[in-house]
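Below is one structure, written out as structure tokens, with a few remarks after it.
The values are calculated or read from the model by the stated rules, or taken from the named source; none is laboratory data. Keep in mind it's a predicted model, so treat the numbers as computed, not measured. Positions of Cβ are generated from backbone atoms using ideal geometry, with glycine treated the same way; all protein chains shown enter the neighbour counts. Side chains are part of the model used for accessible areas, which takes the heavy atoms of the whole protein and leaves out ligands, DNA and RNA. Shrake-Rupley method; radii C 1.70, N 1.55, O 1.52, S 1.80 Å.
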Amino acid sequence: MGADGDLLRSAARTRRRAKLHLCDGRLDQFDAEDREARQAAEHASITHRHRAVATGGAVRWEPSLLFRPSTGGGDRHTRYATEGGPSLTPLDPMTSRRPAAEAASGYDAGAFSHHMTGEQGRLRALEKLWDPFTEHSLRRAGVPAAARCLEVGAGAGSVARMLARICPGGHVTATDIDTRFFAELAAEERVTVLSHDVTQDGFPAGSFEVVHARMVLCHLSCPEQVLAAMSQWLVPGGLLLVEDLDLAPADASPHPVMRRGLHVAEQTLEASQGSDLRLGRRLQALVTDAGFDLGGTAVQPVLIGDGGPADEFWRLSFAQLHEFQARNSSPLAGELDAAMSLIDRPDFTDIGMHAVSVWGRKPGGPLSDPSA
């Protein structure tokens, strides 16, 4: 990797130090233009459901009051309001974003942000790759037919649609910091679309019977705190199912070109948005450490080069990472190109990653009957 690899690792370390401010609640003020330090906060504990408020040229954080369901029908995008305080900011009708949102600036500035060219296509490819595994895990875990479901980080919306199908008598709240790729779901019955940052926005305690998140925790600096918040949002006995990848198979790849390409991808995402592409390896421990009773774990090896859906996912991912690297004239973009070209060679197959799914129940209630 040379000097560029060292720079990536150094940038990642700098990013992690900045993000520690969000975890430990220290007060720091940073210029609004400094995207690396924008998440520094006062009392920024997820368990206290804090929200960001713009203040002039900087961003400060203040605790929001406990969210409660609002009365009456109202805007489908603003089903939640604060007790004695202002409603959760409605989505902008043109962009489906909250005005002047400062949430998750690391992800918004990263190589896989919604602003990158081709991100919707990449998310669609991820759905084709991962949706069968997700649906199998949800059905194994036992999702009640009338459950209130929360889909965190809904991406392009396929799992929200899946949950609505699995729960014909229930309701699905689909959230993301940027809802542009699934905003049309707001027109569907039994689906609410909500602009929501899981690291700062909350829900009332006991709001849901099911919480699902795929490829979300790996992009967060404090997954432990987010899991603690999710536990609060669940009813006793409620189901949590989280999914993430483990890129460890790349270390043992017999193809040096692909091994280097996957490592560049990993380092680029770590440096640009703080992602941990090996979080899947410790996902089970995170769930049990958060107090959930473990229900099960499933692991699916993901092949590259066999003509399956992973090929398109990695083509689009490498292309997007290349675009991000090329902006800085980085020679690492060449490593990504070489790995991408390897995918279509007839003599190439490799295990690129493991998809990991872990589910558990919040203690204190009976297990729900999936046929109820």
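The residues on offer are GLU312, GLU266, and the sole one that is acidic (Asp, Glu), open to solvent by 10 Å² or more (accessible area, probe 1.4 Å) and free of Cβ contacts under 8 Å to residues at least 24 places away in the same chain is GLU266.
Name every residue in the stretch 291-307 that is without any contact (Cβ under 8 Å) to a residue 60 or more places away in the chain and touching a helix residue (DSSP H, G or I) at 6+ places or on another chain (Cβ under 9 Å), in order of residue number. Write out each step before concluding.
Restricting attention to the stretch 291-307, the residues satisfying the condition of being without any contact (Cβ under 8 Å) to a residue 60 or more places away in the chain are 299, 301, 303-307.
Hits for the stretch 291-307 are VAL299, PRO301, LEU303, ILE304, GLY305.
Every residue, every condition in (1) out of contact with any Cys (no Cβ under 6 Å at 6 or more places or on another chain); (2) closer than 13 Å to ARG148 by Cα; (3) not acidic (Asp, Glu), yes or no:
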residue	(1), (2), (3)
ALA174	yes, yes, yes
THR179	yes, no, yes
GLU184	yes, no, no
ALA187	yes, no, yes
ASP197	yes, no, no
ALA213	yes, no, yes
LEU220	yes, no, yes
ALA229	yes, no, yes
TRP233	yes, yes, yes
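Considering the conditions (1) at negative phi; (2) touching a Ser or Thr at 6+ places or on another chain (Cβ under 8 Å), VAL257 is excluded by exactly one of them, (2). Taking the listed residues ALA339, ALA319, the one that is touching a residue at least 40 places away in the same chain (Cβ under 8 Å), under 23 Å from ARG122 (Cβ atoms) and surrounded by fewer than 22 Cβ atoms within 10 Å (Cβ to Cβ) is ALA319, with no other qualifying.
Checked against the criterion of being open to solvent by 20 Å² or more (accessible area, probe 1.4 Å), among the acidic types (Asp, Glu) and either part of a helix (DSSP H, G or I) or touching a Cys at 6+ places or on another chain (Cβ under 8 Å) (or both), the stretch 110-126 contains not a single residue that satisfies it. The condition of being under 20 Å from the mean Cα position of the chain (by Cα), closer than 27 Å to PHE348 by Cβ and not small (Gly, Ala, Ser) holds for only one of VAL257, VAL287, VAL242, VAL302, that being VAL302.
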